[in-house]
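Everything on this sheet refers to the single structure shown next.
The values are calculated or read from the model by the stated rules, or taken from the named source; none is laboratory data. Source: prediction; values computed, not measured. Virtual Cβ from ideal backbone geometry, glycine too; neighbours counted across all protein chains shown. Heads up: the accessible areas ignore ligands, DNA and RNA and are worked out on the full protein's heavy atoms, side chains in. Shrake-Rupley method; radii C 1.70, N 1.55, O 1.52, S 1.80 Å.
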Amino acid sequence: QVQLVESGGGLVQAGGSLRLSCAASGSIFSSNRVGWFRQSPGKEREFVAAITRNINTYYTDSVKARFTISRDNSKNTVYLQMNSLKPEDTAVYYCAASRIGGYSPRWEDYDYWGQGTQVTVSS
């Protein structure tokens, strides 16, 4: 059973930065896609970023040029560096991984999920 554990969330002022980490219990990241999603109260779960088996990266338009997803296979960890944070980035952020490696922004295409980490950006 794969387990994902997110960390790095917190409270930050607008314009600030945070780095989220997602650590996996097994070596799933080297051969699978990993994504970050977020969800705010009353809103649907939203795709944020993904990194594929071939280390291609994808972002939703609202975070392009501000967020960077990366992967360290030796540590079984995926990161989400978030810069120039805005109040609208406030949400619970979830890490997710799938059994296959191709790109997908659909949360239904991911098989394993972390418990989430809260990110709050104050204005």
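So the values come out like this:
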read-out	value
Relative contact order of the chain, defined on C-alpha pairs under 8 angstrom at six or more residues apart (%)	37 percent
Cα shape, segment 79-123, gyration tensor, a/c 1.5 rule	prolate
J(HN,Hα) series, segment 11-23, from Karplus relation 6.51 cos²θ - 1.76 cosθ + 1.60, nearest Hz, glycine and proline x	9, 9, 7, 4, x, x, 10, 9, 10, 8, 10, 10, 9
Inter-label distance for SER62 and GLN39, nm, one decimal - labels placed 7 Å from Cα along Cα-to-Cβ	1.6 nm
Unit charges on C-beta of K, R, D, E only; dipole of segment 1-96, Debye	180 debye
Fraction in percent of alpha-carbon pairs per bin - 10 Å, segment 45-111	19, 56, 24, 1
Karplus (6.51, -1.76, 1.60) ³J(HN,Hα), θ = phi - 60°, over segment 97-104, in Hz, Gly and Pro reported as x	9, 10, 7, 10, x, x, 6, 7
Per-residue SASA entry for ARG33, accessible area with 1.4 Å probe, Å² rounded to 10	10 Å²
Choice from ALA96, ALA49, ALA65 with maximal GNM fluctuation in the chain (Cα, 10 Å cutoff)	ALA65
Anisotropy class of segment 1-62 from Cα gyration tensor, a/c 1.5 cut	prolate
Cα pair distances of the chain binned at 5 Å [whole percent]	2, 13, 24, 27, 19, 10, 4, 1, 0
